[in-house]
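Reading through the structure tokens given below for one structure.
Only the coordinates and a few stated rules stand behind these numbers; no lab work does. Every value quoted in this text rests on a predicted model; they were computed, and no experiment measured them. Glycine gets a Cβ as well: all are built from the backbone with ideal geometry, and neighbour counts include every protein chain shown.
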Amino acid sequence: MLSRLPRLGLALPRSVSVLSTRFVSQSKADSAISSTAVTDPYEPVNQSGHGEVSPFAKNPDFHGFSTDPAEDERNMKVGFFLGISVALVIGGTFIHYLPDHGMRKWARREAERLIRLREKDGLPLIQENYYDASKIILPSSNED
């Protein structure tokens, strides 16, 4: 998957340059369609006074929480404080307590504990007969 990434790097500048180009028709102009008109992509808003008033006209610092400016600002501050606090505190706690996959840290601590214990008792780190020889079943010398 990652081996395809360099190929994307070559195509990316071409696709970005296409976005900034204008698409112009190369067909021959027809006399009926020869004039072009620039129009807005949306209908003009009815300004007769009966339309809906934008909240930005009433409150230039509108954040989208309430129509009342004081309540809007308070809700915005509370929302962002709690949102960022939850993301940082609970997110950080979650990441900190993720399990040690493969138990590498635990295995190292356990090995160091056993080494200290055996050195304190004067025992070798690994016994000469790591496996009990009486429990090992060996094939007979007759079998190939």
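Observations on the model:
- Among the trypsin sites (Lys or Arg not before Pro) within segment 47-144, not one is in coil by DSSP while having at most 14 neighbouring Cβ atoms inside 10 Å.
- Take the Cα of residue 58, step 7 Å toward its Cβ, do the same at residue 74, and the gap between the two points is 1.7 nm.
- Cα centroid of segment 74-118 to Cα centroid of segment 119-141, whole Å: 40
- Alpha-carbon radius of gyration plus Dmax, which is the widest Cα pair, for segment 56-139 in Å: 30.6, 93
- Neighbour cut-off at most 14 other Cβ (10 Å), DSSP loop, chymotrypsin sites (Phe, Trp or Tyr not before Pro), segment 83-144: 97, 130, 131
- Electrostatic tally near residue 116: other residues with Cβ closer than 15 Å to its Cβ, Lys and Arg +1, Asp and Glu -1, net +1.
- In the distance distribution for segment 53-103, Cα-Cα pairs more than 14 Å apart total 63 percent.
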